[in-house]
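Below: the structure, in C-alpha cells.
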Amino acid sequence: MHEQAEQLAILKVLEAIESMNSLIINPRTVTIFTDSGVSLDSLQNSNNHTHLIEENKKKVTRMVRNKWKIKFSWVKANVGIIGNEMEDRLAKEAARCKETNYVFRRIPISAIHREAAEEGILKEPEQWEKHPKQRQRNSISQQ
C-alpha cells in the first residue's frame, strides 16, 4: 500500500502543477523528486499497467502535449530533505487512513501474492478463499 500512496502523491503533484497558472510558471518546466525508486521504475516500464501508474502516465502525456517539460528525479530517503520527509509522512498517513477520499481498491495481483506467500497462505489454497485479501479482491472484481 505504501507504493500506491507514493504513486498517488505523484499524481496529486502533477494535478496541482497542471492547474497552476501558466503565466506564473514559464517556461513550463518542473522536476518531481521522490524517494520511490519502484514508482520511478514503474513509470518507465511500458509493461506496468497498474491503475495509479497508468493514471500518472496519462497525466504526464497530457501535460507534455500542453508544452510541459516534466522530469522525475530520485532522492535518498530519510536523509532530512524537508519536502521529501513531509511527502513520506503524508504518504504513510494516507496508506493507513481509512477515511481517505481516495480508495486503494485496485490492489496489484503481485502484491496480493507477495503478502500471501509471506503469510504462507499460498501453500494451503483452501485457506486462501477465507483470507481477507481474497475476499476484498473478489468484491472488487465483482464491481
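If you go through the range 29-68, how many residues are free of Cβ contacts under 8 Å to residues at least 40 places away in the same chain and closer than 16 Å to Glu6 by Cβ? Within the range 29-68, residues that are free of Cβ contacts under 8 Å to residues at least 40 places away in the same chain and closer than 16 Å to Glu6 by Cβ number 13. Checking the condition modelled with pLDDT under 90 and out of contact with any Gly (no Cβ under 9 Å at 6 or more places or on another chain), which residue from Val64, Val60, Val79 passes? Of the residues listed, the single one that is modelled with pLDDT under 90 and out of contact with any Gly (no Cβ under 9 Å at 6 or more places or on another chain) is Val79.
Tally up the residues in the range 9-36 that are surrounded by 11 or more Cβ atoms within 10 Å (Cβ to Cβ) and not aliphatic (A, V, I, L, M), please. Going through the range 9-36 one residue at a time, the tally reaches 10.
The values are calculated or read from the model by the stated rules, or taken from the named source; none is laboratory data. Keep in mind it's a predicted model, so treat the numbers as computed, not measured. Positions of Cβ are backbone-derived with ideal geometry, glycine not excepted, and every protein chain shown enters the neighbour counts.
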